[in-house]
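To start, the structure itself, in structure tokens.
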Amino acid sequence: MAAIAPGLAAELNFFSAEEAKWIEAIMNQIIPADDRPGAIEAGCLQYLDRQLGSALQRFAAPYRAGIKVFQQKEPNFLEMSSERQIASLQKMERDPFFEMLVDHTMQGFYGSPEHGGNRNEASWKMMGIEKYMGGGHWHGA
């Protein structure tokens with residue numbers, strides 16, 4: 001993954017375009033697309049970028065520091081094959097930065113689209129629960 005989607009940099013509030021490339025590449029391995037949308041297609045980066053300016057603001061500094069450390073440890077991560085990226089991430093499964101990113105990727109993938117992720121109710125459709133969750137039903141509307 002060499003570049004973020006066209007126009008995405010203009011949508012970012014917290015991450016720089018460079019940071020977003022790294023976060024999105026890691027998210028792509030946390031929840032990869034197959035015959036269903038993965039983290040990228042579900043807008044997990046947008047969720048996290050949005051939330052780091054509000055509800056998850058307390059994680060802003062750890063993300064800035066974590067990205068820098070990760071880039072230093074794995075400077076060629078973006079150019080690696082998927083298999084090598086997975087092997088790299090497996091080595092850091094207990095790393096606080098990686099654990100935090102896994103948690104927030106899952107929140108973006110499975111949470112309510114109103115928070116910036118789960119684009120087009122991707123995970124809800126995957127689980128067959130969109131009729132119970134979507135259309136405001138989740139919030140009693």
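The values are calculated or read from the model by the stated rules, or taken from the named source; none is laboratory data. A quick note: this is a predicted structure, and the numbers were derived from the prediction, not measured. Every residue, glycine among them, receives a Cβ derived from its backbone with ideal geometry; neighbour counts consider all protein chains shown.
Side notes on the structure shown:
- The residues of the stretch 79-115 that are within 11 Å of the chain's Cα centre (by Cα) and of a type outside the set (Ser, Thr, Tyr), listed by number, are Met100, Leu101, Val102, Asp103, His104, Met106, Gln107, Gly108, Phe109.
- Restricting the first member to the stretch 30-53 and to residues that are farther than 13 Å from Ala122 by Cα and surrounded by fewer than 22 Cβ atoms within 10 Å (Cβ to Cβ), and the second to residues that are β-branched (Val, Ile, Thr) and modelled with pLDDT of 95 or more, the beta-carbon pairs closer than 6 Å and six or more apart or on different chains are Ile30/Val102; Ile30/Thr105.
- Among residues of the stretch 96-111, those that are crowded, with 16+ Cβ neighbours inside 10 Å and either within 14 Å of Gln46 (Cβ to Cβ) or of a type outside the set (A, V, I, L, M) (or both), counted: 9
- Matching residues, the stretch 82-94, being touching a residue at least 24 places away in the same chain (Cβ under 8 Å) and either buried (at least 16 other Cβ atoms within 10 Å of the Cβ) or part of a loop (DSSP other than H, G, I, E, B) (or both): Gln85, Leu89
- Evaluating Tyr63 against the criteria (1) among the aromatic types (Phe, Trp, Tyr); (2) part of a helix (DSSP H, G or I); (3) closer than 26 Å to Trp124 by Cβ leaves one unmet condition, (3).
- Here the condition is being out of contact with any Lys or Arg (no Cβ under 6 Å at 6 or more places or on another chain) and either among the aromatic types (Phe, Trp, Tyr) or under 21 Å from Leu12 (Cβ atoms) (or both); of Asn120, Asn76, it holds for Asn120 alone.
- Looking across the stretch 16-60, the residues that are of a type in the set (A, V, I, L, M, F, W, C), over 12 Å from Leu101 (Cβ atoms) and assigned to a loop (DSSP other than H, G, I, E, B) come down to Ala33, Ile40, Ala42, Ala55.
- Restricting attention to the stretch 54-80, the residues that are exposed (fewer than 14 other Cβ atoms within 10 Å of the Cβ), more than 25 Å from Asn118 (Cβ to Cβ) and not aliphatic (A, V, I, L, M) total 6.
- Test: residue in the stretch 4-22 that is within 23 Å of Met127 (Cβ to Cβ), free of Cβ contacts under 8 Å to residues at least 60 places away in the same chain and within 15 Å of the chain's Cα centre (by Cα): no
- Among residues of the stretch 112-127 that are outside any loop (DSSP other than H, G, I, E, B), those with a beta-carbon under 7 Å from a residue that is hydroxyl-bearing (Ser, Thr, Tyr) at least six positions away or on a different chain give the pairs His115/Tyr47; Ser123/Tyr110.
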